[in-house]
Amino acid sequence: MHSCFSHAVCIELCIEPTDVILLYTLRKKGTKLSLGRLFMIQQHNELFVFFHQVEKKMPEKYIREESMIRGPKFVVRLRSHTVYENSAIKIFCTVEGYPTPQVICHERKDLFWCFSDAILPEIKYTKINITYTETFDVTFGKEGDKVTLTCKMIINPNLANLQPEALWYRDEYLLKESKWVKMESGGGVAKLTVVENLIDYVIVSWKPPNTTTEGPIIGYFVDRCEVGTENWVQCNDSPAKICKYPVQGLFEGHSYYFRVRAVNSRGTGRPSRMSEPIISEVCSDFDFCVHSGVPSAPGQVVATRETDTSVLIQWAPPKDPNNLIGYYIDSCVKGSKDWTSANHKPHKQTRFVVHGLTTGETYVFRVQAINELGLSDESQESAPLSVRAALKLPSSPYDVSLLYCDGESMVINWKQPIHSGGAEVTDYYIDKCNVAKKTWKEVNIPPIKERLHKVIGGLTAGSVYQFRVYGANLIGLGDASTPSAPFKCEAWTMPEPGPAYDVTFTEVRDDSVVVEWKAPVYSGASAITGYFVEKSKKGSDNWSKVNESSVNHCYLKVKGLETGESYLFRVQAENAQGIGVASTPSDPACIKALPGAQEIKCGVDEESGDIYLSFESCQMTEKSKYVWKKSYQEITDFSKGIVVKTSGSHSTLLFKNPDKEDLGTYSVSVTHTDGASASYKISAEELEKMLALSYDIRNPIIPLKTELAYKILERGRMRFWLQAEGISSAVTYKFFANNKELVNCEQTKMSHDAATGIIEMVMDHFTDDSEGTFTVQIQDGRAKAQSSLVLIGDAFKAALAEAEYQRREYIRVKEGPHFTEFLSVQTGDNASVTLICKVANLKKDSVFQWYKDDVEVIPEVPADLSSGVCKFPLTNFSKKDVGLYKATITDDRGQDVSQIDISGKAFDDIINELSRIAGSSAAELSIQCTAEGIMLQCHMKYYTEEMKIHWKQKDSKISASERMRIGGNPAMATLEIVEPTDKDKGMYTFEIVDPEKTHSRILDLSGEHRGKVIGGLPDVVTIMEKKTLSLTCTVCGDPKPLVSWSKNEQELELSDQYVIALDSGKFASLTIKGVSLEDSGKYTMTVLNKYGGESVDIIVSVYKHGDKIPDVKPTPLPKRIMPPTVPIEIPTVKSAAPAAAKSPAPPQNAKSSAPPRGMKSPTPTRKK
């Protein structure tokens, strides 16, 4: 039986306890040992029950032994007893066997044996619980060393005479006690000790090939061959990266040859010479195969701060160096798995500085040792460490200055240390020295937090004092500042102001800087009215004024500075009495913008509508903070809706409720940087624009494609709808009728379609009470819209009448035969006119009838009620067809009527459509002789005198008369000229007018024929060189025309190559013999007689033999008409003329391939 478990096992065997034996197995993978399988063996019947151990405990499983025949046996034999005389005794023994054995007692004469039951009771089954409390895991050992595996368990019941025996397996093979394997078991513990004998592999090493022009080596393949054979076997599946490789799977006592093949990007090279024969034996007997393993993992790794971009790493060396070469150090950002190597060749010491780290980022580190055989396991990771410079003592403050003295106290100020030591300087301590006594004394014992301090007490009026200042941070007290200049303790009485202080600079750009300062402590005899700023180049004693007129605030933007130059600035305050003393100069300011410096951006947030000032710093440190100011005074009051939001290198100042009080200059600076800062001035005009945009964003309007409108549906239902430019699925809306909100129900059903933006309400009953104003209010997020529709007076009456009509129509259509399409006029492309309609809901006895002016008309073809389409053709449509047409469909369920009035505009529309068809189909004018003169004819699909036509001679309209007879028939329009004279010569024009276009046909009635090209010439000719080209066409004219040829607008000269001919006066030709590339070009043929002529162009393209035929696309060129050159004469009309030939008339009612054009009738009469 075979089972897999995940918890403690409980095995109940149907055997006596003496049959239980525990077995274990050991699996070897290289030099790594791991727990394999656990076996339970029942020795009597060799039944194996095995299972995989996955965790420490296994679930209970029961296995019952089948009964088998066994001979009787004493398990516990009788033993001797010493007792008092005359006392009873019970003697016990234990027997086993199957079937249950019988016990026979042999009595001695002096003893009396008493058995309560000579037959032994049936042996009960015993349940044994085995729980593993400790198992072994994967174990690593050094080659040649011992490896011990231990497994602990609890056996219940624990029988003293029933201790388990442990059997160990290695790769499924049972291990036996030997000098390499030792086994111990007992007391619930099983131990296995293995000594690795290393007899199944050797380590092969080699030197790399000398390569010069070949590609770099990417690895090696090792081959082996057993001595006495020629079978070379590749030992490794993938190329070995170093010049050593352990070959495993060898047989003890066998000899092998080895060879190596190098691999590069081009492939595998030829093998090396084979090695000497090597015998696979215990390594201690052969020096050539004894190699230590890779080093053990380095010890604890400790990381300490070095600079803001580097960290010092230290670690303990490995316990087993094994010919150590060096170490590799890896770093990784905390929380990621992206390990980066810090060194590219082995480092020999146990300390290393990792450079190139990101300031403020947190890293962990690990170390690996390496020798010739490879890398060790990674060390444990170091504790996470944030990269920043190591904390130090701050540098000394400097520029101690006197700001005011009243004779009893002195106010001093100083500049903060240049280097804070990595921690903020929070405390200051002051010493004073009476210059006359030359002794320094402490001014303050509690630390001072500000850089302005009033020294009170211990001062003597008239004495001279010096001061020095210490700065302190978390690490401790820094060095003292340089002693100040001697200050005399006497009261200031000058009328001018004292010096300003804390002169700093910000917003450094390539040609400007903003200078800031603080107002003097001593204002003089009157209030301060302004300030002057002076500048000086670094290293110069020449000071110049920056501003000619004073400024009344404590900042000034200085422009026009030289890029890259360093400047110092100082400030003088002014009052009514004059200009005071200058301040202590600022630190030097190098006029050059920071790389990547950004300006403040001002705008309106598209989501919230908040006005914002946004700044992205080009520099950031872990301790950097954004300081926003208005008029260069830090903003501390956020009660008026000002909010600062900072994320990474971005900081935004939001105005929730902006107004005119927010006008002014705003600035931002980033602490712990090289001066990242910027400013922006919000003007009144800009603020007004942003407020308008903010309002639109906060109160958005949903744009509407259409306002609220209505449409009447079947059954007289009223649909109110509008369409928005775009809405979401979360849109909400309300409909109102006369300011009363309507509810979404069956009577007023509301819906919307987010895809089309349509919102609608269908009102089921539109009645007299519905008159009034309808409104819809829409809200989609923050966006809103409203639209109204007023239905009162005539507008309401018209809508109500249409609704009632639709209700009646619905009832009519549902109950009896009816028209699905009312009467309409259809004009076909063949100029046929037909009345057409469609009927439905018919019965066999339904009757369809046509009427004209209330008189029944029976068409030649009866109505086709099976298809539902009924047609009534109006043949040769004209005035005779004017009238009121009506169609009826009737059966026992009722009657429906449709009518159309063919008169007035409806009649004109039909004539206009027929005029369009006739004009489009009109042929060219032709001449026929009649008994009285000549007749001009224009054939077309249909003609009627109701069409609007014009005959013209030389642009003069011809009026109908006895000589000029205008007429025609359905097939053509005619103009007969009776007894023509010379005055009738000239150009005749026939025009058919429709509403969109005038169709004209022209005939030159001059009595003669100009020269013409009838046809035969192509537009383009392509021909191979050295071939003969012949261009031939037919010409006509009376008298016979002259033909001339030209090439590229130059007359063609006759030669042996160019041959021109005119046969029979009508076949003109041009032959070019042996054409060449120079013969390519445009050829023109001109046909001309005294009445005029015309010319045509031909493009000739010659190509070389073997070339691809050029793809010359023809460009049709119109013929050019040549005017006549002499007066024209018309021959006299003969008295006898041939009879006029009948003009062909197109068949009537011919079906057209194009779909018919229909014209809908006016609104049909409604059933009352």
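The values are calculated or read from the model by the stated rules, or taken from the named source; none is laboratory data. Note that the structure is a prediction, hence the values are computed from the model and not measured. Heads up, the Cβs are rebuilt from the backbone with ideal geometry, glycines too, and the neighbour counts pull from every protein chain shown. We work out accessible area using only protein heavy atoms, side chains counted, and drop any ligands, DNA or RNA first. Shrake-Rupley method; radii C 1.70, N 1.55, O 1.52, S 1.80 Å.
Do we find a residue being at pLDDT 90 or above, open to solvent by 50 Å² or more (accessible area, probe 1.4 Å) and charged (D, E, K, R) anywhere in the stretch 745-753?
yes
Please identify the pairs in which a residue from the stretch 1049-1065 that is in contact (Cβ under 8 Å) with a residue 12 or more places away in the chain and under 15 Å from residue 1085 (Cα atoms) has its Cβ atom under 7 Å from the Cβ atom of a residue that is open to solvent by less than 70 Å² (accessible area, probe 1.4 Å) and among the small types (Gly, Ala, Ser), counting only partners at least 6 apart or on another chain.
Hits for this filter: 1052/1046; 1062/1068.
Identify, by number, the condition in (1) surrounded by 15 or more Cβ atoms within 10 Å (Cβ to Cβ); (2) of a type in the set (A, V, I, L, M, F, W, C); (3) not in a strand (DSSP E or B) that residue 638 doesn't meet.
Failing condition for residue 638: (1).
Hey, among the residues in the stretch 497-511 that are open to solvent by 40 Å² or more (accessible area, probe 1.4 Å) and in a loop (DSSP other than H, G, I, E, B), which one's nearest to residue 569 (Cα to Cα)?
Among those that are open to solvent by 40 Å² or more (accessible area, probe 1.4 Å) and in a loop (DSSP other than H, G, I, E, B), it is 511.
So the check is Cβ under 6 Å with 6+ separation or different chains; which pairs have a first residue in the stretch 602-627 that's touching a residue at least 12 places away in the same chain (Cβ under 8 Å) and under 29 Å from residue 697 (Cβ atoms) and a second one that's hydroxyl-bearing (Ser, Thr, Tyr) and open to solvent by 50 Å² or more (accessible area, probe 1.4 Å)?
Once the first residue is touching a residue at least 12 places away in the same chain (Cβ under 8 Å) and under 29 Å from residue 697 (Cβ atoms) and sits in the stretch 602-627, its partners that are hydroxyl-bearing (Ser, Thr, Tyr) and open to solvent by 50 Å² or more (accessible area, probe 1.4 Å) give 602/680; 605/612; 613/680; 626/646.
Do you know which residues across the stretch 1066-1081 are open to solvent by 10 Å² or more (accessible area, probe 1.4 Å) and assigned to a strand (DSSP E or B)?
Those that are open to solvent by 10 Å² or more (accessible area, probe 1.4 Å) and assigned to a strand (DSSP E or B): 1067, 1069, 1071, 1081.
Could you grab me the full set of residues in the stretch 810-832 that are out of contact with any Pro (no Cβ under 9 Å at 6 or more places or on another chain), open to solvent by less than 50 Å² (accessible area, probe 1.4 Å) and modelled with pLDDT of 85 or more?
Residues satisfying the conditions are 817, 818, 824, 825.
Determine whether residue 639 is over 30 Å from residue 398 (Cβ atoms), of a type in the set (Ser, Thr, Tyr) and modelled with pLDDT under 90.
yes
Residues to consider are 759, 727; find the one that is crowded, with 16+ Cβ neighbours inside 10 Å and either at pLDDT below 90 or in a loop (DSSP other than H, G, I, E, B) (or both).
Answer to the selection: 727.
If residue 536 meets every condition in (1) open to solvent by 30 Å² or more (accessible area, probe 1.4 Å); (2) farther than 30 Å from residue 424 by Cα; (3) in contact with a Leu (Cβ under 8 Å, 6 or more places away or on another chain); (4) in a strand (DSSP E or B) apart from one, which number is that one?
Residue 536 satisfies every listed condition except (1).
Taking the stated definitions as given, is residue 903 under 14 Å from residue 972 (Cα atoms) and either within 60 Å of the chain's Cα centre (by Cα) or surrounded by fewer than 17 Cβ atoms within 10 Å (Cβ to Cβ) (or both)?
No, not satisfied.
What are the residue pairs meeting all of these: first residue in the stretch 976-990, first residue among the hydrophobic types (A, V, I, L, M, F, W, C), second residue open to solvent by 10 Å² or more (accessible area, probe 1.4 Å) and part of a strand (DSSP E or B), Cβ atoms under 6 Å, and 6 or more apart or on different chains?
Once the first residue is among the hydrophobic types (A, V, I, L, M, F, W, C) and sits in the stretch 976-990, its partners that are open to solvent by 10 Å² or more (accessible area, probe 1.4 Å) and part of a strand (DSSP E or B) give 977/934; 987/1004; 990/1001.
Across the stretch 681-692, what is the total count of residues that are assigned to a strand (DSSP E or B) and open to solvent by less than 60 Å² (accessible area, probe 1.4 Å)?
The total comes to 1.
Look through 1084, 1028 and report the one residue that is surrounded by fewer than 19 Cβ atoms within 10 Å (Cβ to Cβ), over 60 Å from the mean Cα position of the chain (by Cα) and not aromatic (Phe, Trp, Tyr).
1028
Working carefully through the options 962, 946, 924, 913, find the one that is in a helix (DSSP H, G or I) and either in contact with a Ser or Thr (Cβ under 9 Å, 6 or more places away or on another chain) or open to solvent by 40 Å² or more (accessible area, probe 1.4 Å) (or both).
913
For the stretch 311-350, what are the residues that are small (Gly, Ala, Ser), closer than 22 Å to residue 387 by Cβ and assigned to a strand (DSSP E or B)?
331, 341
Any residue in the stretch 699-718 that is surrounded by 12 or more Cβ atoms within 10 Å (Cβ to Cβ) sitting within a Cβ distance under 8 Å of a residue that is part of a loop (DSSP other than H, G, I, E, B) and of a type in the set (Lys, Arg)? List the pairs, counting only those 6 or more apart or interchain.
Going by the 8 Å Cβ cut-off, the qualifying pairs are 700/782.
So if I check each of 424, 450, which one is assigned to a loop (DSSP other than H, G, I, E, B), modelled with pLDDT of 90 or more, closer than 26 Å to residue 621 by Cβ and not β-branched (Val, Ile, Thr)?
That would be 450, the only listed residue that is assigned to a loop (DSSP other than H, G, I, E, B), modelled with pLDDT of 90 or more, closer than 26 Å to residue 621 by Cβ and not β-branched (Val, Ile, Thr).
Does residue 435 count as open to solvent by 40 Å² or more (accessible area, probe 1.4 Å), among the hydrophobic types (A, V, I, L, M, F, W, C) and either under 16 Å from residue 484 (Cβ atoms) or out of contact with any Ser or Thr (no Cβ under 7 Å at 6 or more places or on another chain) (or both)?
Yes.
May I ask you to list pairs of residues, at least six apart or on different chains, whose Cβ atoms are under 7 Å apart, with the first in the stretch 173-193 being closer than 20 Å to residue 137 by Cβ and the second being at pLDDT below 80 and of a type in the set (Asp, Glu)?
Sorted first by the residue in the stretch 173-193, then by its partner, the pairs are 185/165.
Name the pairs whose Cβ atoms lie under 9 Å apart, with the first residue in the stretch 953-965 and among the hydrophobic types (A, V, I, L, M, F, W, C), the second in a loop (DSSP other than H, G, I, E, B) and open to solvent by less than 80 Å² (accessible area, probe 1.4 Å), and 6 or more positions between them or separate chains?
964/958
Take the stretch 965-1013 and flag every residue that is surrounded by 15 or more Cβ atoms within 10 Å (Cβ to Cβ), of a type in the set (Asp, Glu) and not in a loop (DSSP other than H, G, I, E, B).
976, 984, 991, 1004
Given the structure, is residue 557 open to solvent by 70 Å² or more (accessible area, probe 1.4 Å) and under 24 Å from residue 681 (Cα atoms)?
yes
Please state which of the following conditions residue 328 fails to meet, knowing it meets all the rest: (1) at pLDDT below 90; (2) farther than 30 Å from residue 623 by Cβ.
(1)
Quick check on my filter: what residues within the stretch 1044-1065 are touching a Gly at 6+ places or on another chain (Cβ under 9 Å) and part of a loop (DSSP other than H, G, I, E, B)?
Passing the criteria: 1048, 1057, 1065.
Checking the conditions here, which among 733, 695 is open to solvent by 30 Å² or more (accessible area, probe 1.4 Å) and either assigned to a strand (DSSP E or B) or of a type in the set (A, V, I, L, M) (or both)?
Sole residue among the options that is open to solvent by 30 Å² or more (accessible area, probe 1.4 Å) and either assigned to a strand (DSSP E or B) or of a type in the set (A, V, I, L, M) (or both): 733.
For the subset of the stretch 560-580 comprising residues that are β-branched (Val, Ile, Thr) and in contact with a strand residue (DSSP E or B) (Cβ under 7 Å, 6 or more places away or on another chain), which member is surrounded by the fewest Cβ atoms within 10 Å (Cβ to Cβ)?
Selected residue: 579.
Sort out which residues of the stretch 469-496 are open to solvent by 60 Å² or more (accessible area, probe 1.4 Å) and assigned to a strand (DSSP E or B), and write them in order of number.
477, 479, 488, listed by residue number.
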